[in-house]
């Protein structure tokens, strides 16, 4: 994929992730669930790879925070999930493993990374078990949506992977 097409695709994913943050979220325990973020992570991981997927996750988290639509917890959850989804897809070429990588990466590892992140930057003393359930709800929901979209789009041969 040439650089212009890559940057344009990344910008579209970032725009969708940022716009839908205001429209499509639901409360999940002590956090807010943004399933579209996780769907985008799966789609970006499959279509663009782990590096661009992490950059997209970071930019969506940054813009959501700048616009007051998210919390600092968006960074560890989204970025770890995007990386693991992209890495597993790159190694296996299986879309289902990208979705599992996003679910485990954001839902478990991202939640574990969120604990010190919340303590240092947000002054919260919540433990890992406070973050894992809401992170899992959000990431699994979004992973399923992302897997469905990627499977449907690639079956119609609209994307190359």
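Brief remarks on what is shown
- Residues that are within 13 Å of residue 40 (Cα to Cα) and at pLDDT 90 or above within region 119-150 comprise 139, 140, 141, 142, 143, 144, 145, 146, 147, 148, 149, 150, listed in sequence order.
- Considering (1) at positive phi; (2) surrounded by 19 or more Cβ atoms within 10 Å (Cβ to Cβ), the lone condition that residue 80 does not fulfil carries the number (1).
- Counting only helices (runs of 4 or more DSSP H) wholly contained in region 11-104, the ones carrying 2 or more residues that are within 13 Å of the chain's Cα centre (by Cα) and more than 20 Å from residue 136 (Cα to Cα) occupy 50-66.
- Inclusion of residue 107 among residues that are part of a helix (DSSP H, G or I), touching a strand residue (DSSP E or B) at 6+ places or on another chain (Cβ under 9 Å) and modelled with pLDDT under 95 is not warranted.
The values are calculated or read from the model by the stated rules, or taken from the named source; none is laboratory data. All values reported here derive from a predicted model rather than from experimental measurement. Here the Cβ is made from the backbone with ideal geometry for all residues, glycine too, and neighbour counts use every protein chain on show.
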